[in-house]
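Report on the following structure.
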Amino acid sequence: MTRGEMEDELSIRIGEYLGTTTNDNPFARRRAVWRSADKVAEATMCLHTGRTLSLVADQEEYCPPDLIAITSVLFKDANDYWTNLHTETRARMDKATGGMWRNSESSQYPRLAVVTGPNRVRIYPTPSTSITSGLRIEGYYKPGETWVYDSNGTAQAVATSDECPLPTMAHTCVVEGALLDRLQAMVVQHPQLTPAIGIVRETYRGLLGDVEANTARHYQSVLNGAPRRLWI
């Protein structure tokens, strides 16, 4: 479903409970949809993708704000090929080097990516060269307000035609979550919505559980079907 289709569906559902859509704010609907997509992504880890950043000389830490958990880090080498960086944890680096890896050291290209937080990575050694769109951090993300990026990783303007980046199985759940958000915001002015909120909340929780279960089955099937070695 596109952003516009989700907002239209949300408007219809609100109208079913209020008897009219004239009291609903279109800007609030838009915010409810993308916030719901974020909540579904965070709760189910159903969106695995990447963000492309510029590798900046003398900058060692990178932190995509919409990243939930890091799975891999890549950089573009001298031949413009994506190269996977060996990923380490801060604890393992401390044990191996006695903390010496924190001391300033630079190189034209990095060798390691040290994960220092859920959405924070430190490149080691610190790169001495800037590479436009030269760093890619892959992992589990929440989509945020921007749903479309170009091939260079540049965010595109928000549009109603934007396709929701979450798997199709999650789209109904996103709408239900947005509906719950709007009904809870409107209940003070419309107390007759109180019984409906309980029904919608239970439906949303059920859909959320379905998305989480389907996501787990998908990743398990990928692991079970993965070859032991890839020959190219």
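Values in this text are rule-based calculations from the coordinates and carry no lab data. Remember, predicted model here, so these are calculated numbers, not experimental data. Please note: Cβ atoms are built from the backbone with ideal geometry, for glycine as well, and neighbour counts cover all protein chains shown.
Some values worked out for this structure:
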read-out: Check on Glu145, charged (D, E, K, R), surrounded by 14 or more Cβ atoms within 10 Å (Cβ to Cβ) and assigned to a loop (DSSP other than H, G, I, E, B); value: yes
read-out: Any pair with Cβ under 7 angstrom, 6 or more apart, that starts in the range 52-72 at a residue that is touching a residue at least 40 places away in the same chain (Cβ under 8 Å) and ends at one that is surrounded by fewer than 19 Cβ atoms within 10 Å (Cβ to Cβ) and among the aromatic types (Phe, Trp, Tyr); value: none
read-out: Whichever residue in the range 1-34 is part of a helix (DSSP H, G or I) and surrounded by fewer than 14 Cβ atoms within 10 Å (Cβ to Cβ) and, among such residues, is farthest from the chain's Cα centre (by Cα); value: Glu16
read-out: Number of positions in the range 109-123 that are basic (Lys, Arg) and closer than 15 Å to Leu55 by Cβ; value: 2
